[in-house]
1. Need the C-alpha centroid separation for the stretch B:24-101 versus the stretch A:7-41, integer Å.
2. In peptide A:54-67, how many Cβ atoms from other protein chains are near each Cβ within 10 Å, on average?
3. In degrees from 0 to 90, rounded to the nearest 10, what is the angle of the helix B:52-61 Cα long axis to the longest principal axis of chain B?
4. Taking the beta-carbon count within 10 Å as an exposure proxy, list B:VAL2, A:VAL9 from fewest neighbours to most.
5. What aspartates and glutamates sit close enough to A:LYS7 to cross-link, taking a C-alpha to C-alpha distance under 12 Å and skipping anything fewer than 8 places away on the same chain?
6. Figure the gain on full extension for A:TRP86 and A:LEU182 (residue separation times 0.36 nm, minus the Cα-Cα span) and round it to one decimal in nm.
7. Please go through the stretch B:68-115 and write out the GluC sites (Glu not before Pro) that DSSP classes as loop and that have at most 11 other C-beta atoms within 10 Å.
8. If we count other beta carbons within 10 Å of each Cβ, what is the order of A:ASP59, B:ASP27, fewest first?
Amino acid sequence: MTSTTDKLVDDYLKRLNRELVGLPRARRRELVEEISGHIAEARSAMETENEAAIRTLLDRLGEPGDIAADARERFGIEARGSRSGWDVVALIMLLIGGLILPVIGWFIGLILLWVSDTWTTGEKLIGTFVVPGGLALPVLLELTATSAEVCGSLNGQEVVCEGGRSLAATILVIAGMSLLFLAPIVTTAFLARRRSRATVAPAV
Amino acid sequence: MVAQQDALLAQMRRGTLQYCVLALLADKERYGFDLVRGLAEMDGMVTSEGTIYPLLSRLRRDGLVESSWQESPTGPPRRYYRLTEAGRASLEGFRLEWGRFRDAVDHFVERTARS
């Protein structure tokens, strides 16, 4: 019983923290702290704590999205701030920046990612490490792998080495490469989706 | 027409909520949950209780209220809010304006109700 109610509260606070994206970090922490304190006070004042009582309490607090919209309005922050254009640039540069401007392009994307208020720290970490360099990494690996297969030239003709790898190794390499290609694309899609979280007008 | 009225009432509530909070803090300091309970005593003042907290945060940043942590007999420490001088002045200013505004609106709205 207790675990169900704990989970309800936990989910609510997590949702609230996510929705408050866009607010300065200190404001965001303060709001989550205060509302979490409110819930704790209300719970300790309850005669009997059950799921219905917790749900009523959370309903009275209101939808996390509504509280976040209200907070944005109070602090004069647009739902989709002026930075949103930069957010798009960040995602593009993270994905293919390394191909346009080797190494530097991806770093530009990385800086834009970290200065943005749009994403949480966890999401930024995912953006950073999956995959460093974006698509440039697998492309680079693919290129070096292909050139390595050219053993040398004989009478001006390139000689491709054969039988250097076993079938299993080849499959493994193909799988690994596909993963390296796919991962940055999935990450970009994930971050883009996080960015486009719908923001509704504040409830009063 | 009804939807328009709802929107107007919502805006009025939103605009005046800040002064109701300041007024609740005028005689004593309170913590968030206590403030919400105070506001909830009057029906229709707050529909989404959680929105009090962005308001408190904003008031604090604007210097109309200040806060301090105090131990609670029942659980973790509480953040108590109290009026600053600026907050008191803001509340006084609103009180005068609100009285005039309410009288003016009453003058017309109540007269038509009687006739």
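1. 19 Å
2. Values: counts 0, 0, 0, 1, 2, 2, 7, 7, 7, 2, 1, 0, 4, 7.
Mean shielding by partner chains, rounded to a whole number: 3.
3. Rounded to the nearest ten degrees, it is 70.
4. Numbers: B:VAL2 6, A:VAL9 17.
Fewest to most other Cβ atoms nearby, the residues stand as B:VAL2, A:VAL9.
5. Leaving aside aspartates and glutamates fewer than 8 places away in the same chain, those within reach of A:LYS7 are A:GLU51.
6. Working: separation 96, 0.36 × 96 = 34.56 nm, distance 2.36 nm.
Working it through step by step, the gained length comes to 32.2 nm.
7. On the way: sites: B:GLU71, B:GLU85, B:GLU92, B:GLU97, B:GLU110; in loops: B:GLU71.
Counting only loop positions with at most 11 other Cβ atoms within 10 Å, the GluC sites (Glu not before Pro) in the stretch B:68-115 are B:GLU71.
8. Numbers: A:ASP59 11, B:ASP27 8.
Lowest count first: B:ASP27, A:ASP59.
We did not get these values from a lab; they are worked out from the coordinates using the rules stated. Please read all numbers here as calculations on a predicted model, not as lab measurements. Backbone-built Cβ (ideal geometry, glycine too); neighbour counts: all protein chains shown.
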